[in-house]
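Input: a single structure, listed below in structure tokens.
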Protein chains: 2
Amino acid sequence: MTMGWFDIDGAIKTVPVDDRGLQYGDGVFDTIAIRQGRPRLPDLHMERLQIGCARLGMDLPATDVLLDMLEDAIGKTACHGSGVAKFVVTRGSGPRGYRFSSDSVPRIMLGIFESPVHVRDCWTHGVEVRICNLRLGPQPALAGIKSLNRLEQVLARNEWQSESIAEGLMLDTDGNIICGTMSNLFLVSNGGLLTPAVTTAGVSGVMRRHIIALSETHGLPVTVEPVPVRKLTDCREVFLSNSQIGIWPVRRCGTSSYTAPGPTTQRVMKSLANSGIDECRL
Amino acid sequence: MTMGWFDIDGAIKTVPVDDRGLQYGDGVFDTIAIRQGRPRLPDLHMERLQIGCARLGMDLPATDVLLDMLEDAIGKTACHGSGVAKFVVTRGSGPRGYRFSSDSVPRIMLGIFESPVHVRDCWTHGVEVRICNLRLGPQPALAGIKSLNRLEQVLARNEWQSESIAEGLMLDTDGNIICGTMSNLFLVSNGGLLTPAVTTAGVSGVMRRHIIALSETHGLPVTVEPVPVRKLTDCREVFLSNSQIGIWPVRRCGTSSYTAPGPTTQRVMKSLANSGIDECRL
């Protein structure tokens, strides 16, 4: 498999320097798992891209066009097994200044990458996480979507270098826990799942949505609300989710230890595995 | 004069698609006025670029190298009169993921643009501004610097289309007024100047710094502190500042009207004009 970037016309290596994605972070992105040469959960990912573009007032081509582009890129990179596809959609080129034209033409870029390699232990025995110092600033206009304004995550991820820490959890300025730098967070609480609301900060991840929908289908209640950080010390099971990993149980966060994976997490992982998220097969 | 973009080696039209500026907004920018073919306030701008890069943990070449690059670009674009130079400095190319390498090599881009055209009335009779709906989220890690994460400003600037509104003022989530989408804000209050602190949101503009220093030199006291939005209705003079305009008096904001330019604003404009900010010569 060869990595590569593509636009709607074929392979690219560069973008125009006046692209508003570079100049202002004016755009969104989305990262899709490729398994057996096929995009996983494509409908949820396409919906998320459309929602993100709509929030920024950008037009995005029809889902069919995007999926054709993705299939084409998978073919050209001979990605027959596992990989990562990353769509980057910007408001395109424009003159200097924050003001944009309503007829600006979005630029769509698609990168195909090799899958990151993680030891099997991440799923079977859980991962260690830390709490980041940097707090997420509340911004309802951007919360939930994966905009290209990601400096908070960049700075938070670079607070630690130890390879033994798999992820950093991020709080907001009110002391609520929101998400990881690249993942969503679930706590097992009161016999159900509890996941932080992402209406003022954080990302509404595709795997998070998939887990919420699956759990409700299987009779496991899910509460979505602000989660004070002290709840992390009150519960026995915590797990992370994202599109690439499915679920990683958390076995330690600072001085708190958790059963990893605990019984409820195992139940969720089993239903995920049955839905085609193969990494979660224990 | 021909507009154009440059890097350290010469003219460019594109940047690599894996640049972290595009992928994450991982970088800073700075916009410098060119007058009579020379950069204005170069030392303050170079200092600001260095401060911004340091906050993001990026190395930036020595100021001499940047100023040589600027002089070269001004020559190549034959910008003998007025213009705008925009430095964009990103963390350079890198692999996928928020984590960055401590030996990443910043990418420096420099655009030369024509000066925007404004009617003389903006200085002599002031401008009308509005209050934006979008609130700035507090983020001390990024406040003060001009990072490439500018979606808040993009969305705020596009709340209005009327050409009669010159600028939008932005509040933070506590109801303090912070700055304009592309300018800083000063109120005349208690016989001195009052300008919002930019420690949790907003940009520490070069012209703002220049005005603060000049005013203090001339015995006009300047207070820098959080400014509740109601203060806008309690004062008689308000003005905006940025590198390109120097100062624009504000004559109206919503239902509030101001003397534009009032006596204190005129005094500041005069000292700015005497320091070489020619637009402020009334």
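The values are calculated or read from the model by the stated rules, or taken from the named source; none is laboratory data. Bear in mind that the values here come from a model prediction, so they are computed numbers and not experimental data. Cβ placement follows ideal geometry from the backbone for every residue including glycine, while neighbour counts extend to all protein chains displayed. Areas reflect the complete protein model, heavy atoms only, side chains present, ligands, DNA and RNA absent. Shrake-Rupley method; radii C 1.70, N 1.55, O 1.52, S 1.80 Å.
B:T223 fulfils the conditions (1) away from every other protein chain (no Cβ under 14 Å); (2) open to solvent by less than 10 Å² (accessible area, probe 1.4 Å) except for a single criterion, (2). The conditions of being aliphatic (A, V, I, L, M), in contact with a strand residue (DSSP E or B) (Cβ under 9 Å, 6 or more places away or on another chain) and not assigned by TED's automatic domain parsing to the domain that holds B:R252 are not met by B:I131.
Looking across region B:52-85 at every residue that is of a type in the set (V, I, T) and within 21 Å of the chain's Cα centre (by Cα), the one that is nearest to the other protein chains (Cβ to nearest Cβ) is identified as B:V84. May I ask you to verify whether B:V88 is among the β-branched types (V, I, T), exposed (fewer than 15 other Cβ atoms within 10 Å of the Cβ) and either at negative phi or away from chain A (no Cβ under 13 Å) (or both)? No. No other residue among A:A197, A:A166 is at pLDDT 95 or above, farther than 24 Å from B:S147 by Cβ and in contact with a helix residue (DSSP H, G or I) (Cβ under 8 Å, 6 or more places away or on another chain) apart from A:A166. Report whether or not B:D174 is open to solvent by 10 Å² or more (accessible area, probe 1.4 Å) and at pLDDT below 95. Here the answer is no, as B:D174 does not meet what is asked. Residues in region B:8-22 that are more than 7 Å from chain A (Cβ to nearest Cβ) and touching a Phe, Trp or Tyr at 6+ places or on another chain (Cβ under 9 Å) were compared, and the one that is least open to solvent (accessible area, probe 1.4 Å) is B:R20.
This table checks each residue for (1) more than 7 Å from chain A (Cβ to nearest Cβ); (2) open to solvent by 30 Å² or more (accessible area, probe 1.4 Å); (3) under 20 Å from B:I245 (Cα atoms).
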| residue | (1), (2), (3) |
| --- | --- |
| B:G126 | yes, no, yes |
| B:N133 | yes, yes, no |
| B:G137 | no, no, no |
| B:R150 | no, no, no |
| B:V154 | no, no, yes |
| B:E167 | yes, no, yes |
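Within region B:37-51, identify whether any single residue is within 14 Å of chain A (Cβ to nearest Cβ) and not polar (S, T, N, Q), and answer yes or no. Looking for residues that are within 14 Å of chain A (Cβ to nearest Cβ) and not polar (S, T, N, Q), one finds none in region B:37-51, hence no.
Does A:D30 qualify as being touching a Phe, Trp or Tyr at 6+ places or on another chain (Cβ under 7 Å), surrounded by 20 or more Cβ atoms within 10 Å (Cβ to Cβ) and closer than 26 Å to A:G94 by Cβ? Yes, satisfied. Evaluation of A:D234 against the conditions (1) in contact with a Phe, Trp or Tyr (Cβ under 6 Å, 6 or more places away or on another chain); (2) away from chain B (no Cβ under 14 Å) shows that the sole unmet condition is (1).
Taking region A:104-124 as the range and being away from every other protein chain (no Cβ under 14 Å), charged (D, E, K, R) and not in a loop (DSSP other than H, G, I, E, B) as the test, only A:D121 passes.
The set of residues in region B:239-268 being in contact with a helix residue (DSSP H, G or I) (Cβ under 7 Å, 6 or more places away or on another chain) and at negative phi consists of B:F239, B:S241, B:N242, B:S243, B:I245, B:I247, B:W248, B:P249, B:C253, B:S256, B:P261, B:V268.
Being within 24 Å of B:L136 (Cα to Cα) and either open to solvent by 70 Å² or more (accessible area, probe 1.4 Å) or assigned to a loop (DSSP other than H, G, I, E, B) (or both) is a property that does not hold for B:A260. Comparison of A:S243, A:S189, A:S164 shows that the only residue that is hydroxyl-bearing (S, T, Y) and under 18 Å from the mean Cα position of the chain (by Cα) is A:S243.
The residues of region B:23-32 that are aromatic (F, W, Y) and more than 7 Å from chain A (Cβ to nearest Cβ) amount to a single one, B:F29. Does region A:237-250 contain at least one residue that is without any contact (Cβ under 8 Å) to a residue 40 or more places away in the chain, of a type in the set (V, I, T) and surrounded by 15 or more Cβ atoms within 10 Å (Cβ to Cβ)? No.
For A:T217, are the conditions met, namely being away from every other protein chain (no Cβ under 14 Å), among the polar types (S, T, N, Q), under 22 Å from A:A273 (Cα atoms) and surrounded by fewer than 15 Cβ atoms within 10 Å (Cβ to Cβ)? For A:T217, the condition - away from every other protein chain (no Cβ under 14 Å), among the polar types (S, T, N, Q), under 22 Å from A:A273 (Cα atoms) and surrounded by fewer than 15 Cβ atoms within 10 Å (Cβ to Cβ) - is met.
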